Amino acid sequence: MKILIAFIVATLAAGAYAQCSCETMKWATCDGNPCSCHLLVGNGTKQVLDCAKLIPKCFLMQTEMYRARKGLSTRTLGGKPVETAFVDNDGIYDPECERDGTFKAKQCNNTETCWCVNSAGVRRTDKGDRDLKCEELVMTYWVRIQLKHKEISGKVDAANLKSAIADAIHKRYVNFNKDLVKNVEYDPKARLLVVDIEQPKGERKSDLTHMAYYMEKDVKVLPLLRSQDPFSPTVGGQKLEFEDILVYYVDEKAPTFTMKNLSGGVIAVIVVVVLAVVAGLLVLFFANRRRGKYNKAQQREMENM
Ligand SMILES: *[C@@H]1O[C@H](CO)[C@@H](O)[C@H](O)[C@H]1NC(C)=O
């Protein structure tokens with residue numbers, strides 16, 4: 001019985017660990033914990049979605065119109081760069097490092113619970129015990145940084161966007177290699193800047209993950225640099241300040257979260273099956289108890305006779 005309850009809890013917890021994404025709407029933007037997804041409709045207002053269901057047709061048409069107006073109809077801005085991308089849902093832990101400052105592939109946070117990380121130190125497997133094997137440190141070769149900027153009075157010059165952002169990153173983060181800034185996209189209505197930083201597969205450097213961490217701290221107003229100025233690039237005369245950041249990690253090998261591809265539907269089926277089993281066991285248990293009493297009563301009657 002206890003084991004079954006533990007199993008239900010574990011199943012639900014694993015569901016919560018599943019990636020934050022919207023199965024029923026590919027254009028949805030999702031983030032946060034608990035996960036919340038929305039679409040942009042009308043003049044860029046957010047429509048919050050229930051991704052466990054099909055999205056109402058009216059919202060779909062609204063967002064199609066919004067995208068058509070913005071010339072976005074075929075492309076998706078932001079979100080996972082590839083299906084295997086993932087975000088850090090765990091937060092900070094006390095890591096073990098190699099002498100050169102790279103992460104050890106297996107991390108336990110000084111506890112009996114361990115997991116494997118990528119070169120960004122982000123968990124890429126399920127959690128296990130101390131015997132868990134992490135063969136190698138898998139490189140993160142691509143990070144997608146989604147930045148939301150604060151309200152601005154002017155306009156962002158889209159033509160200069162990529163070079164302006166690459167320059168700002170180069171300047172602030174100790175000569176960071178501009179060539180790794182592969183793509184920058186912008187959605188003025190959502191105030192969303194999507195920056196893809198990518199190195200060739202097989203490269204053994206982790207500069208891009210270090211840089212992403214500094215940027216994350218900058219945007220969360222906990223700068224690690226001695227200079228406490230915000231990271232605020234200027235694009236064509238317009239200064240940008242950021243209020244929100246989300247980083248997606250893409251590793252050279254896909255992560256191996258077991259529940260990752262289990263959609264809400266499958267999890268729901270598992271939960272229903274488990275509940276049915278529990279209910280069945282309870283019925284059996286009470287039925288047995290009653291039969292026991294009945295047998296005793298019968299025995300007593302026989303003795304009296
Ligand atoms: C690591 O341990 C610390 C304190 O023991 C805790 O606050 C933190 O949440 C843990 N992190 C993870 C990822 O388990």
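Expressed as a whole percentage, what fraction of the accessible surface of segment 140-251 belongs to carbon and sulfur atoms when a 1.4 Å probe is rolled over the protein heavy atoms? Heavy-atom surface of segment 140-251 belonging to carbon and sulfur, 1.4 Å probe: 48 percent.
Per residue, segment 140-251 exposes 50 Å² of accessible surface when a 1.4 Å probe is rolled over the protein heavy atoms with every protein chain present. For segment 83-182, the extents of the C-alpha atoms along the principal axes are 55, 28, 25 Å, listed from largest to smallest. DSSP loop (so not H, G, I, E, B), at most 12 other Cβ within 10 Å: list which trypsin sites (Lys or Arg not before Pro) in segment 73-120 pass both filters. Loop-located and lightly packed - R75, R99.
Normalised by the number of residues in segment 141-272, the mean separation of alpha-carbon contacts (under 8 Å, six or more apart) gives a relative contact order of 36 percent. The order of the peptides 86-95, 121-130 by mean Cβ neighbours within 10 Å, most packed first, is 121-130, 86-95.
Rolling a 1.4 Å probe over the protein heavy atoms of segment 14-69, with every protein chain left in place, gives an accessible area that is 57 percent carbon and sulfur. For segment 140-251, the Kirkwood hydrodynamic radius comes to 14.2 Å, computed from all pairs of different C-alpha atoms. If the chain linking C58 and R226 were pulled fully straight, counting 0.36 nm for each residue of separation and taking away their Cα-Cα distance, it would gain 55.5 nm. Per-residue 3J(HN,Hα) values for segment 29-34, derived from phi via the Karplus relation 6.51 cos²θ - 1.76 cosθ + 1.60 with θ = phi - 60°, read 9, 10, 6, x, 9, x Hz in sequence order (x marks Gly and Pro). Summing Lys and Arg as +1 and Asp and Glu as -1 over all other residues whose Cβ lies under 10 Å from the Cβ of L40 gives a net charge of +3. The string of couplings for segment 102-108 from the Karplus curve (6.51, -1.76, 1.60, θ = phi - 60°) is 7, 6, 5, 5, 10, 10, 10 Hz, one whole number per residue in order, with x for Gly and Pro. In this simple spin-label approximation, N43 and T102 carry label points 7 Å from Cα along the Cα→Cβ vector, and these lie 5.3 nm apart.
Solvent exposure of segment 64-123, expressed per residue, is 55 Å² of accessible area, with all protein chains present and a 1.4 angstrom probe. In order along segment 38-48, the Karplus-derived 3J(HN,Hα) couplings, from 6.51 cos²θ - 1.76 cosθ + 1.60 at θ = phi - 60°, round to 8, 10, 9, 10, x, 9, x, 7, 8, 10, 6 Hz, and Gly and Pro are given as x. Pairs with C-alpha atoms separated by more than 23 Å, drawn from the list K162/K189; K70/K201; K46/K155; K171/K217; K80/K239, are K70/K201; K80/K239.
Relative contact order for segment 14-69: 27 percent, from Cα pairs under 8 Å spaced at least 6 residues apart, divided by residue count. Measure out, as a whole number of angstrom, how far apart the alpha-carbon centroids of segment 163-196 and segment 67-137 sit. Cα centroid of segment 163-196 versus Cα centroid of segment 67-137: 22 Å apart.
Sorting the segments 55-63, 162-170 by their mean number of nearby beta carbons within 10 angstrom, highest to lowest, gives 162-170, 55-63.
Working ranking of peptides 233-244, 209-220 by packing, defined as the average number of other Cβ atoms within 10 Å per residue, highest first, is 209-220, 233-244.
What the Cα convex hull of segment 14-69 gives, in volume per residue, is 70 Å³.
The values are calculated or read from the model by the stated rules, or taken from the named source; none is laboratory data. For clarity, every value in this text was computed on a predicted model and none was experimentally measured. Cβ atoms come from the backbone with ideal geometry, glycine included; neighbour counts cover every protein chain shown. Note: accessible area is taken over every heavy atom of the protein model, side chains too, but ligands, DNA and RNA are not part of it. Shrake-Rupley method; radii C 1.70, N 1.55, O 1.52, S 1.80 Å.
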